[in-house]
1. If I fit a long axis through the Cα atoms of helix 15-25 and take the longest principal axis of the Cα atoms of the chain, what angle between them do I get, 0 to 90°, rounded to 10?
2. Treat every Asp and Glu Cβ in the chain as -1 and every Lys and Arg Cβ as +1, leave all other atoms uncharged, and give the resulting dipole magnitude about the Cα centre to the nearest 20 debye.
3. Could you work out [θ]222 nm for the chain from helices alone, using -39500 (n - 2.57) per DSSP H run of at least four and dividing by all its residues? Round to the nearest 500 deg cm²/dmol.
4. Determine the distance separating the Cα centre of the stretch 90-137 from the Cα centre of the stretch 1-44; give it in Å without decimals.
5. Which of the peptides 81-94, 147-160, 53-66 is most tightly packed, and how do the rest follow, going by the mean number of other Cβ atoms within 10 Å of each residue?
6. Give the angle, between 0 and 90 degrees and rounded to the nearest 10, that separates the Cα long axis of helix 167-196 from the longest principal axis of the Cα atoms of the chain.
7. Checking the a/c ratio against 1.5 first, then a/b against b/c, what shape does the Cα gyration tensor give for the chain?
8. Given the options GLU73, GLU134, GLU180, which has the most mean-square fluctuation in a GNM of the chain, springs set between C-alpha atoms less than 10 angstrom apart?
Amino acid sequence: MNRLGLGILGSGKGSNCRALLEGIRAGAVPAEGRVVISDVLDAPILEIARKFSVPNAYLPPGQFRTRLEPSAEMELVQMLRDAEVELVVLAGFMRVLKSPMLQAFPRRIINIHPSLLPKFPGLEAWRQALDAGETVTGCTVHYVDEKIDHGDIIAQREVPILPNDSAESLHARIQVAEHELYPAAIAKLCRESNRRT
């Protein structure tokens, strides 16, 4: 079976990256981590990549807060192509991707979001769900398009909201669900890709 080449992008702790690399190491995800790239110089996700012996790099994002400078995004495309990445996995990457990436990797960029999309896109979705008085929320794996937390849904997992939940306790339980759902969804995409080739 061909192992799909993954490029993982993240800005923070990298817990989803760790869950994915553990799934690959255990043989549950028929993929290979080709490169981990962060827009934050000392992001823990880069340390996780090193622990799993995955090539990793820092990409200076430029002056914008929520997206990459166009030249930085073109550089990102080149870095991913040089690493022979077939599927781009966003794992807490806090930048909105624009046309250079979307055109270079059409329907080959995926993200995980901590809500049952289309409900509660954007930041701190678990807090949004709590504030809205929901009884259930969860997480969603989806293809990335030009809108924020939009794009075709690949998989979802429900997480109940308990009566005494705080934003922190709810977020922690959603993360547990994410760490199961993301590797499983990626494994399924890898197997589907193998069937097509």
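1. In the chain, helix 15-25 runs at an angle near 60 degrees to the longest axis.
2. 500
3. -12000 deg cm²/dmol
4. Between the Cα centre of the stretch 90-137 and that of the stretch 1-44, the gap is 18 Å.
5. 81-94, 147-160, 53-66
6. Helix 167-196 and the main axis of the chain meet at about 40 degrees.
7. Note, shape of the chain comes out prolate.
8. GLU134
The numbers here are math on the coordinates, done by the rules we state, and not lab data. This one's a predicted model, so the numbers in the text were calculated from it and none came from an experiment. Cβ coordinates were reconstructed from backbone atoms using ideal geometry, including for glycine residues, and neighbour counts include every protein chain displayed.
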